[in-house]
1. Once R0 is set to 45 Å, what does the formula 1/(1 + (r/R0)^6) return for the Cβ-Cβ distance between Lys316 and Gln348, expressed as a FRET efficiency to the nearest 0.05?
2. Residue farthest toward the positive end of the dipole of region 20-340, with Cβ of Lys/Arg at +1 and Asp/Glu at -1: which of Ala33, Thr125, Ile140?
3. What does the charge add up to near Arg103, with Lys and Arg as +1, Asp and Glu as -1, over the other residues with Cβ less than 14 Å from its Cβ?
4. Put +1 on the Cβ of every Lys and Arg and -1 on every Asp and Glu Cβ in region 20-340; which of Ile208, Met179, Val323 then has its Cα farthest towards the positive end of the dipole?
5. Which whole number of Å³ per residue matches the convex hull of the alpha-carbon atoms in region 20-340?
6. With only Lys, Arg, Asp and Glu charged, each at its Cβ (+1 for the first two, -1 for the last two), find how big the charge dipole of region 77-221 is about the Cα centre; round to the nearest 20 debye.
7. Taking 0.36 nm per residue of separation and subtracting the Cα-Cα distance, what length does fully extending Leu303 through Asp289 add?
8. DSSP loop trypsin sites (Lys or Arg not before Pro) in region 275-321 with at most 14 other Cβ atoms within 10 Å of their Cβ, which ones?
Amino acid sequence: MAGTTSSTGSGQSSSTLLPPIPRATSIIVIGMAGSGKSTFASSLSSYQQRRAAAAEAKSGSHGQPNQDGADSVDDVANPAAPYMVNLDPAVGTLGYEPNVDIRDTVDYSRVMEQYNLGPNGGILTALNLFTTKFDQVLQILEKRAAEVDHIVLDTPGQIEIFTWSASGSIVTDALASAMPTVVAYVIDTPRTTAPATFMSNMLYACSILYKTKLPFVLVFNKIDAQPHDFALEWMQDFEKFQEALAAGNATEPAPSTLAGLGRAASRRRGGEEQGYMNSLMNSMSLVLDEFYQNLRTVGVSSLTGEGMQDFLEAVKLAREEYVQDYRPELERLAKEREEKKEKSKREQLAKLMKDMAVGGKREGGLSMNDSATVKRGHHDDDEDQISDDEPIEESYDGDGQIVEPDSDEERPDYSYPGPDYDRGDGTVWPRPG
Ligand SMILES: Nc1nc2c(ncn2[C@@H]2O[C@H](COP(=O)(O)OP(=O)(O)OP(=O)(O)O)[C@@H](O)[C@H]2O)c(=O)[nH]1
């Protein structure tokens, strides 16, 4: 592919094998079941729509302040409503109008029926089937990426269906190679107040970050129900997390898990588990410390819309990270691929030349530069001299052109000439087989 020159977004230009960076940033919304992914996507969509409408009103009213006064549009010249993609085939109703919807392409309940699958197998198979067409979706998204600021992808409820499946990787990689892409990991804040659930959520987020290697934004959702200060404190101060662990919140057994056990047994068992869990989590939190350093975190309420502007700011920074860190890696891989292709082409050509006895004596040897290789219509007196402006004329069979099987073109007779055929050099043609 010919190299293009693209702006990196930081004002610099560089020669690249990759397509230019488009206006849009794609946001892949991932999170545990019920964390509020769809509500978050919906809230983000309506927030952006309001911004777009406010910007339009502002430009229409020649700089009058926004009616609602809340949305700052100064940072984006012409904000546009995001382009929404739903990748959850099993979702019932959505709070937003998806522009591309997996449900339009694959009928999840029929997939379950046809392949005799359970709900999760059905979702996974539906996503796999959809992914086989993702090149077409990507073409649509690439077109839209010039017109919108964000392309939001809402993923299936069961997190592992997207994060650990081949289809999830294909969709993520395809997007990330086409445009700046950011992972928004949605956390159900009220359900992460116990150190154990907090830790498992963080470990999951960490595994996704290292798998995708994409810029990451941790979205603490539902802050209207539970502020996320405790989580920020645990992430910033290791000792605070240790204190929470020591207070015993982490392993407080749910009453249901102790059913049938006596009080003493419950206490003993709780104590043993707590000791093990605490020491495990202590070690894990040390591992996660570095992960926390590289994270952007925001608190949002998808119900009230609180924190959406903070989220967009975080996405802006994440886009810069993509341009600075991820894209050079893509560029390196593209160059590597191109070099490999060139090398293999050169090797094949060399092999071909060798097969054609290139470099041997002129007599009997053939060369691609040898005019005798290509038969031309008109010749100078010297057979080997061909003037460059003479057109090549295919004047005989075996001239390197593929002959249409159904054409009337005359072909040599390759049939067996019979046992008595004399080749003229005294040998008689042998009988085959
Ligand atoms: N209080 C509160 N509730 C929320 C918020 N966001 C989502 N919810 C509720 O959380 C529940 C789950 O929300 P969904 O958006 O369906 O979550 P999801 O992650 O898309 O769910 P699945 O895809 O089915 O796993 C719903 O009852 C929402 O109303 C929020 O910011 N605050």
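1. Working: r = 46 Å, r/R0 = 1.03.
So the FRET efficiency works out to roughly 0.45.
2. Thr125
3. Working: positive: Arg110, Lys133; negative: Asp88, Glu97, Asp101, Asp104, Asp107, Asp154.
Charge balance near Arg103 sits at -4.
4. Projecting each Cα onto the dipole axis, the largest value belongs to Ile208.
5. Details: hull volume 54.3 nm³, N = 321.
Taking the convex hull of the Cα positions in region 20-340, it is 169 Å³ per residue.
6. Numbers: 8 positive and 14 negative charges, 64 e Å.
The dipole of region 77-221 has a size of about 300 debye.
7. Working: separation 14, 0.36 × 14 = 5.04 nm, distance 3.08 nm.
Working it through step by step, the gained length comes to 2.0 nm.
8. Details: sites: Arg296, Lys316, Arg319; in loops: none.
The qualifying sites: there are none.
Readers should treat all values here as calculations from the given coordinates under stated rules, not as data from a laboratory. Predicted model, so just to flag it, every value in this text is computed and none were measured. Heads up, the Cβs are rebuilt from the backbone with ideal geometry, glycines too, and the neighbour counts pull from every protein chain shown.
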